[in-house]
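Contents: one structure, followed by commentary.
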Amino acid sequence: MDVPKDQLHTLLDHGLFSSAQIMGCFAVSSTSIHPETSPHLKAESLVLFGDSLFRGKEFRRAIQVYRQALQYHKILPKQSANTTPTTRSTLSSSNRSSSPNSSNTSAINENEVKFKVATCHSSLGDNRAALAEMEGIPSKSRNLEMNLMMAKLYRNSRHTRAAIGCFKECLRNCPYIFEAIIALAELGVSAKDIISLFPQFNGYIGAYQTFGYIRLRVEVEDLLLIILIQVDGCHAMLKPNAVLLQMITKVGSIFLRNCYNGFLTTSTYYSKWPRSFSLSVKAVIGKNDEAILDFENVLSIDPYVVTYMDEYAMLLKLKSDNSKLNKLVHDLLNIDPTKPEALVALAVLWEKKDERGALTYAEKSIRIDERHVAGYIMKGNLFLSLNRPEAAVIAFRGAQELRPDLRSYQGLVRSYLAVSKVKEALFAAREAMKAMPQSGKALKLVGDVHASHVTGREKAKKFYESALRLEPGFLGAALALAELHVMEGRNGDAVSLLQRYLKDWADDCLHVKLAQVFAATNMLQDALSHYQAALRINPQNEDAKKGLDRLEKQMKVCIISAESLNMMSLPLTSNFNKILVFRESILMRLKRTKIMRLMMAMEIMKRLSYYDSNIVTNFIP
């Protein structure tokens, strides 16, 4: 038995899991057919066989084998409770019975086997069974890996307080577990509380709390800077505002100065890393152009990065940059088609072509990673496009539970308004305003709810104006206020507001809105120039294309009206053939544009019927 066991160790260490499974079957069979084989050898062989199955992603078989090993472990004499085990954990080649319970005479470590069973359940998506298995391990017997797994399971199960406790325990044991730092920040733990977990940084807590990054000098340890980037980056995602974004940028520059300039590759990758939060924050707070530039810079340094690339895809969709979007999706699928970011980007690409197909990709991204916020946001937007606002509410609520950022609040307000649930929409908008008191976008959400009914338009105006005072460059609030002016019949105020913003921002949406106002007031030439300006800025702007088509039809009707008025001024003794030709031209134009001016047509028919009563037949298309 010693030779197969040693060979099984070798196969597992070298990653030859198929061969390890065959050898494991042989080892388990050999122990089964020899009654004199001790239980600890049977248990050890079963654990090694289970490890080979786990590495081969046969998780259900591995669970069964591990449980059999635990059954043999229970048979062992209780006096064998204090010797070092002969096996090692093969879930990680570097984790060799590191549990505090490793002084057990048994050939296996019971706590490590339970941890492997829990890992299998987690890989199968059964978090409840995994958590039940982990809770069977005494807290004092859990190692670092076990505590991190417990924290993740508690978080997935919405046990926030227990998750925070486990994440903090991980950081007390090792300060470099950055996923624990990110998780704590996303769960709302302050930077002060996180830094207090590291005794070596206690001297900086007061300075950080009072002056932010002003007191941070170049000599500050890189670890502290990394922690601050992670924490404030997550907080900026939760409560987006420009102040936190500036803080992240500043601390990133300090971090860059600390890099050793002698190593080009090191400094290059460090220069990419601090942007990972800033570009995602810029995307959330609406700084789309800056975020796109940051994404492009990151891709120029590391063309194979996948993190946050679905956010980049959404920005490209907003900018109607289809060529870059196609290339991005193609690259992501070549890198790893199983990543949720690749699937969300694919959903963004397919949204215009096939919304139901895009929804399939968004749902698949959530099945792969049920904590992927962008997948829920994309799913909610697609449900709204498919006129399924009730389902969109569920999707946006799922995103909000994971990370209550601005987009989830915006989606909830849109969804509730689509089903005329004004109270629920107002509650969601006020939640956003409470979570982000310094955000003009949150104020605009409240204004959108009030603007949805006639009696609340005056309140909506106040909220839009407050949003513009808070963020003068927020075009969304300016467009909403202009729309409100139009609804109230104040077209002149709408034009003045939009023209004032056009002086500083050359935005295609501003041109489209201004063109719509001009078209509504029959200033067709001005409307035409602004539609054309919008298409020069963004040739893919669908609203500008549709508006231009409507405008051309409207202008054709005006031409017909002018011609008809000229014809009606002719004396009744005019050439009858000219009138017939004019009638035919009117018919063709009306049929082509499908626009009927009934009153004008009736006047023309009266004139024509003077010459021939049969001429009225089939006049109106």
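Since every read-out is calculated from the coordinates, none of them should be taken as a lab result. Just so it is clear, the model here is predicted, and its values are computed rather than measured. Heads up, the Cβs are rebuilt from the backbone with ideal geometry, glycines too, and the neighbour counts pull from every protein chain shown.
Key figures
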item: Between the range 386-420 and the range 115-171, the alpha-carbon center distance in angstrom; result: 30 Å
item: Lys434/Ile22 FRET efficiency (R0 51 Å; Cβ-Cβ; nearest 0.05); result: 0.25
item: Above-threshold pairs, the threshold being 28 Å between Cα atoms, out of Lys168/Lys423; Lys352/Lys513; Lys42/Lys152; Lys192/Lys379; result: Lys168/Lys423; Lys42/Lys152; Lys192/Lys379
item: Partners for Lys441 among aspartates and glutamates (Cα-Cα distance below 19 Å; same-chain residues under 8 apart left out); result: Asp289, Glu290, Glu311, Asp405, Glu424, Glu431, Glu458, Glu465, Glu471, Glu483, Asp507
item: Relative contact order (percent, whole number), the range 486-528, Cα cutoff 8 Å, 6+ residue spacing; result: 33 percent
item: Loop-resident sites, the range 301-334, for chymotrypsin sites (Phe, Trp or Tyr not before Pro), counting at most 12 other Cβ within 10 Å (DSSP); result: Tyr304
item: Residues His73, His330, sorted so that the one with the fewest Cβ neighbours within 10 Å comes first; result: His330, His73
item: As computed over the range 361-429, the Cα convex hull volume per residue (Å³); result: 63 Å³
item: Extension gain from Lys364 to Lys74, taking 0.36 nm per residue of separation minus the Cα-Cα distance; result: 100.2 nm
